[in-house]
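Quick notes on the structure that follows.
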Amino acid sequence: CFADRATLQTSIDVRAKLRYTLAILPIREKVSDFVRACRRPYCDLAAFEVAHQLYISTGGPISIIEVGANLGDCSFHLIGTGIARESTLFEPISALAERL
């Protein structure tokens, strides 16, 4: 149920190739609420498609840079699925950057 999953949990277990736990903000805001409710990253599908194509064309895991990382959920998911081997995250909002 959405109401049960949208409580103010501060971490969510995400199932991917490599299971991981994503830390999220203990407040009501769009990204954290989406991750809590859907148990998946709040990312643009196009970013995943580009990363997957790079993974295929390079023959293995890629390095990524995520600008405006917010919670870092896109990077963590790409690493969790094996598409990326490492990620550098940039977040200009200090309250969010402290969570990364």
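The values are calculated or read from the model by the stated rules, or taken from the named source; none is laboratory data. Note that the structure is predicted; figures quoted are calculated from it, not measured. Heads up, the Cβs are rebuilt from the backbone with ideal geometry, glycines too, and the neighbour counts pull from every protein chain shown. Protein only, heavy atoms only, side chains kept; ligands, DNA and RNA dropped before computing areas. Shrake-Rupley method; radii C 1.70, N 1.55, O 1.52, S 1.80 Å.
Miscellaneous remarks
- Solvent exposure of the chain as accessible area per residue, Å², 1.4 Å probe: 61 Å²
- Accessible-area composition of the chain, carbon plus sulfur, in percent [1.4 Å probe]: 59 percent
- Span-rule helices in the chain, defined as complete DSSP H runs reaching 15 Å or more along the axis (Cα) with Kyte mean at least -1.0: 45-58
- Residues VAL50, VAL31 ordered from highest to lowest accessible area at a 1.4 Å probe: VAL50, VAL31.
- Relative contact order for the chain, counting Cα pairs under 8 Å that sit 6 or more residues apart, in percent: 25 percent
- A crude spin-label estimate for the pair LEU18 and CYS38, with each label 7 Å from Cα along the Cβ direction, gives 2.4 nm.
- Taking the chain as a Gaussian network of alpha-carbon nodes connected by springs under 10 Å, the highest mean-square fluctuation of the residues LEU45, LEU89, LEU18 belongs to LEU45.
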